[in-house]
Amino acid sequence: ARAAGLNLSDIQGDVLIGMKKNTELFYFFSIANAMDFKPKLASEIFPLITTTTQLLDVNTQPTTTLNIAFSQTGLTALGVTDTLGDSAFAGGQFVDLENLGDPGSANWVPHFAGTGIHGVFLFASDTEDNIDAAAASLEAALGDCVTKVYTLLGAARPGMEAGHEHFGFLDGISNPAVDGFTASPMPGQSVVAAGTVLLGESGDKVARPAWAKDGSFLVFRQLAQLVPEFAKFLIDNPVVEPGVLTAQQGSDLLGARMVGRWKSGAPVDLAPLFDDPELGADPARNNDFTFSHPDETLATNQTRCPFSAHIRKTRPRADLPPIVGGEVHRIMRAGIPYGPEVSDDEAAANTTSTERGLAFVSYQSNIGNGFRFLQQTWAGDADFVHAGTGVDPIIGELACAQRVISGLDPTDSTKTLTLPNFVISRGGEYFFTPSLSAISGTLAV
Ligand code: HEM
């Protein structure tokens, strides 16, 4: 049975649908003076916060949308003493970095290394000018009760690459359907309990303060991507099938097998040898697969999609038995690329000289079941989903410079390939995105 509808005008807009604009500014701040900040949270910030209801209708979507989230130290600064019941959130991301497989904090943006960030404003709009204007106007209204600590500007890639992350793959295809929210799930889109994403909703098993209901934990990660290096690795290590694949096709296939999808979004489980852009673009078909092929043995089950592929690691589908009541290790992803396109010089040198990557955002009611579980227990475990699989080629065990991964060659599933890292964690923080009523009724008073 469907749960009763959620109170969408009380849930911040980014959580269930993502703000989905061309440009997004992550504005990390600290609260300099809580006594001054609280009334301004009510009078200046609250009226600008974009709700889910507003986002759902293009006629009510503001030109520039705004969401706000707080870290544990931010809530503490506001005098909140209730515990939210999430130990990862309570400790902050910096003390969690080993669990995430990060190689220490040498590559971390210094502002993330610690607990000095109290919150983040997420501004999203069609243009950078709109965002600059909105941020400047909010800064003027807030005065010196808030200090800007760090900003990261995300932007959709240009032209035909819009919607694709920097390695070139279409992103934002597979997010869970949410019970009580998603009217008609797409084929292959499983339904999760609302409490998997939202605190205090059905399916959230942790005791929470009443005011935390309909909030969600926001995981932010700045993940730099070595794009020319990734492209060079594919050129140097093509899948070889003489008479079937050209060298270029073999390289493209290796990339597709690392992700589990072609650049168009077409899943390799359905298009094992060549990209199928029509399939990739068709939401009725591009998520409709399970990795299950009952006629195949364990040895041949990777002919289509490697066990280690990014999307198989982070959502193993039929590799795991079905979960009664809906899957719990699911997240809502709402990230956006950041940084410029690869320059001609970088492409010629096969070397990154300007940082670019993914401003990763995920929402979940439980960081230990959501983002951290996917990162640590699945992507980071070389023996998941079977012994000897190897870690996730995209995000697995970034502390290890030589990652040995099997299954990437469809002609010999036992063959291993040693991969350097193509992603560098620049760190991040764990936040809580409160409901509108929590802001007006608890945090701002
Ligand atoms: C799916 C890229 C980091 C979790 C995808 C897809 C791409 C992609 C291309 C397929 C499109 C889609 O299904 O929407 C990347 C890149 C990353 C990155 C380039 C780093 C720079 C992460 C991280 C996590 C994650 C850190 C979580 C720990 C997922 C999940 C899916 C996904 C859950 C959907 C799987 C499914 O439902 O089939 N990613 N990703 N990704 N990614 Fe990532």
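Worth pointing out:
- Residue that is nearest to GLY260 (Cα to Cα) [pool: residues in the range 142-159 that are part of a strand (DSSP E or B), of a type in the set (A, V, I, L, M) and open to solvent by less than 30 Å² (accessible area, probe 1.4 Å)]: LEU152
- Residue check, ARG333 under 12 Å from the mean Cα position of the chain (by Cα), surrounded by fewer than 23 Cβ atoms within 10 Å (Cβ to Cβ) and within 13 Å of the ligand (Cβ to nearest atom): yes
- When GLY396 is tested against the conditions (1) assigned to a loop (DSSP other than H, G, I, E, B); (2) open to solvent by 10 Å² or more (accessible area, probe 1.4 Å); (3) within 12 Å of the ligand (Cβ to nearest atom), the lone failure is (2).
- Set ALA183, ALA162, ALA177, ALA124: member being closer than 30 Å to ALA438 by Cβ and open to solvent by 10 Å² or more (accessible area, probe 1.4 Å): ALA183
- Against the test of being over 21 Å from ASN301 (Cα atoms), within 16 Å of the ligand (Cβ to nearest atom), touching a residue at least 24 places away in the same chain (Cβ under 8 Å) and open to solvent by less than 20 Å² (accessible area, probe 1.4 Å), the options PHE360, PHE432, PHE371 yield a single qualifying residue, PHE371.
- Taking every residue in the range 384-412 that is within 19 Å of VAL239 (Cβ to Cβ) and free of Cβ contacts under 8 Å to residues at least 40 places away in the same chain and pairing it with any residue that is within 16 Å of the ligand (Cβ to nearest atom) and open to solvent by less than 60 Å² (accessible area, probe 1.4 Å), at least 6 positions away or on another chain, the pairs with Cβ-Cβ distances below 7 Å are ARG403/VAL391; ARG403/GLY396; ARG403/LEU419.
- You will find that of LYS232, LYS263, the residue that is within 21 Å of the chain's Cα centre (by Cα), open to solvent by 20 Å² or more (accessible area, probe 1.4 Å) and either within 30 Å of PHE371 (Cβ to Cβ) or touching a residue at least 60 places away in the same chain (Cβ under 8 Å) (or both) is LYS263 and no other.
- If you go through the range 305-335 and pick out every residue that is assigned to a loop (DSSP other than H, G, I, E, B) and touching a helix residue (DSSP H, G or I) at 6+ places or on another chain (Cβ under 9 Å), you end up with 14.
- Total residues in the range 274-320, condition in contact with a Phe, Trp or Tyr (Cβ under 6 Å, 6 or more places away or on another chain) and either more than 14 Å from the ligand (Cβ to nearest atom) or among the hydrophobic types (A, V, I, L, M, F, W, C) (or both): 2
- Residues of the range 336-375 classified as hydrophobic (A, V, I, L, M, F, W, C), part of a loop (DSSP other than H, G, I, E, B) and farther than 14 Å from PHE220 by Cα, total: 1
- Scanning the range 209-229 for residues that are in a loop (DSSP other than H, G, I, E, B) and open to solvent by 20 Å² or more (accessible area, probe 1.4 Å) yields PRO209, LYS213, LEU226.
- Those residues of the range 158-169 which are away from the ligand (no atom under 12 Å from the Cβ) and on the phi < 0 side of the Ramachandran plot, in sequence order: PRO158, MET160, GLU161, ALA162
The values are calculated or read from the model by the stated rules, or taken from the named source; none is laboratory data. Because the structure is a prediction, the values reported are computed rather than measured. Quick reminder, even Gly has a Cβ in these numbers, built from the backbone with ideal geometry, and neighbours come from all protein chains shown. Side chains are part of the model used for accessible areas, which takes the heavy atoms of the whole protein and leaves out ligands, DNA and RNA. Shrake-Rupley method; radii C 1.70, N 1.55, O 1.52, S 1.80 Å.
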